[in-house]
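Written out below as structure tokens is the structure these notes cover.
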Amino acid sequence: MLRHPPGGRVRLIVACAATVAVLGPLIWLWQDSLLPEAYSVMDMGYADYGGGPHGSSQHEAHSAGGASAHAGHGPAAGRDVTRLTADAGRQADVSVSLVARKQRFRLSSGREFDGYTLNGQSPGPVIKATEGQLVQVRLINESVPGGITLHWHGVDVPNAEDGVAGVTQDAVGVGKEFTYRFIADRAGTFWYHSHQMSHEQVRGGLLGALVVEPGSRKGEVTDAVALVHLYNGVRTVNGREGDVHVEAAPGARARVRVINTEYGVMPAWVSGTPYRLVAVDGTEINGPAPVTGKALAVAAGGRADIEVTMPEDGSPVRIHLGGPAGVVLGSRSYDAPAVPRPAATLDLLTYGTRAPLAFDPGKPDRRFEYDVGRRPGFLDGVPGVWWTINGHLYPDVPMFHVAEGDVVRMRISNHSGEGHPMHLHGHHAVVLSRDGVPATGSPWWVDSLEVGADESYEIAFVADNPGVWMDHCHNLPHASEGLVTHLMYEGVTTRFTVGGSADNEPE
Ligand code: C2O
Ligand code: CU
């Protein structure tokens, strides 16, 4: 028998101990990060009450003490999200059927693309409604493997209609269908897209525009949609590779509804005449002044409605949308040369004129921090440098708890080294400040807010739409990398799970 020299044995023991000391915690971290086959987002992470009351009894006290527009359904009711629907008895004013397919299709240029269509086209048809109408959309999945949903981006729909697989419904499998019903209660520019495997299905074209027109003002102006999407890196407007021409008579007013369905912030600028930014994320700007020599920054998922008055001499106007394809408005000619992007960007913190808010963000019921960072760790067993929320990796992130009627303030700060377009479902929030500088322009309401690296925004909203709402980065690959959390109302529950038999995978 061979005897180890004593020094060798010590070295061996030390080496083994060191290996265990290093690998042990790693294995534990790895194992701890593995996501179960099915889980409810309600069980994710930890509750964050934002300094407000926890749970039911305090909630009752809070409701009783505060002004309550929300008597009648206490938390004890335990409302399932599926009960949070639009008026079931009401007839639809606008009815649309959308058939989804996975297929190879041609862009206008003839270039072929493997992706998804709705009624044979991508983007899907523009859905139009007038403010106050009930919109009903029947979604039929003919051939999209893995299932689909539709989320109404920017429309504060009842929670059951929000279209988030695993949170508000099950993904709609091949051969199945789902009907969405909601009241288009706010005029503006919105869009819809799948929220099942969204980082892949949105890129593949399962999306479209939704325009809600105001009851009055109809037909007064030329009105055009400019939905920007990249198919395999090819920038398109309304699915076209080249310019989109829109007829607008000399002296006429024209509104162009820019929708950024991409994953990054998109610059937009106008040549040929000054423009006004008349709406952001489906909300009108108060007192929008004419702008020249400045570009707009449209957040991913965000919308910007640009209004121009056509020059009297009949010359065309070009709306540049971040690349070669744009919108050219004209009558006699559409020959509007491209001009370079202006160096300056319009700052919405000071644009337009002030107007009172319908609530007082100075007296919030809750205050939340949403601090985006980045650190090494495991995400579902995969090592990497992952996004964090308040220092935590998905799924151990905060669950923001609110009660109906709360005034909520949230500070979104970004220490991750990259910009993030943050999107809260079901609500519009007003921007109060950026990096401590208060907003002094028009109330700036957002549903998609670009928070740049090292920036910090304070926003406020009223918790007036009960449900379980996703609050995530709209650079959808980031969301699939864990930059997702939720806002949950007291007394609302969801019976859906991420994973499970419907293979729900919202991101
Ligand atoms: Cu445009 Cu969570 O969505
Ligand atoms: Cu992001």
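At a glance:
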| item | result |
| --- | --- |
| Solvent-accessible heavy-atom area per residue, rounded to whole Å², over the chain at 1.4 Å | 41 Å² |
| DSSP beta bridges in the chain [antiparallel fraction, %, rounded to 5] | 70 percent |
| Net charge over other residues, Cβ less than 13 angstrom from the Cβ of ARG374 (K, R count +1; D, E count -1) | -3 |
| Relative contact order (percent, whole number), segment 427-488, Cα cutoff 8 Å, 6+ residue spacing | 32 percent |
| Total formal charge among the other residues, if their Cβ is under 12 angstrom from that of TYR49, Lys/Arg +1 and Asp/Glu -1 | -2 |
| Net lengthening on full extension, ARG138/ALA15 (0.36 nm per residue, minus Cα-Cα) | 37.9 nm |
| Rounded tilt (10° steps) of 6-33 against the dominant C-alpha axis of the chain | 40 degrees |
| Ordering of 19-31, 415-427 by packing [mean C-beta count within 10 Å, highest first] | 415-427, 19-31 |
| HIS320 accessible area, assembled protein chains, probe 1.4 Å, Å² | 10 Å² |
| Which of MET197, MET44 is most accessible, then next, and so on - probe 1.4 Å | MET197, MET44 |
| Among 150-158, 341-349, the order from most to least packed when residues are scored by Cβ within 10 Å on average | 150-158, 341-349 |
| Tensor-based shape of segment 94-213 (alpha-carbon gyration tensor, a/c under 1.5 rounded, otherwise prolate or oblate) | oblate |
| Average Cα contact separation per residue, the chain, under 8 Å, 6 or more apart, as relative contact order % | 18 percent |
| 0 to 90° range, to nearest 10: angle between helix 55-65 axis and the chain longest Cα axis | 40 degrees |
| Förster-model FRET efficiency, 41 Å R0, GLU112 and ASP360, C-beta, rounded to 0.05 | 0.15 |
| Cα-based convex hull volume of the chain per residue, rounded to whole Å³ | 202 Å³ |
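The values are calculated or read from the model by the stated rules, or taken from the named source; none is laboratory data. None of the values given here were measured: they were computed from a predicted structure. Cβ coordinates were reconstructed from backbone atoms using ideal geometry, including for glycine residues, and neighbour counts include every protein chain displayed. To get the accessible areas, we keep the full protein, side chains included, count just its heavy atoms, and leave off ligands, DNA and RNA. Shrake-Rupley method; radii C 1.70, N 1.55, O 1.52, S 1.80 Å.
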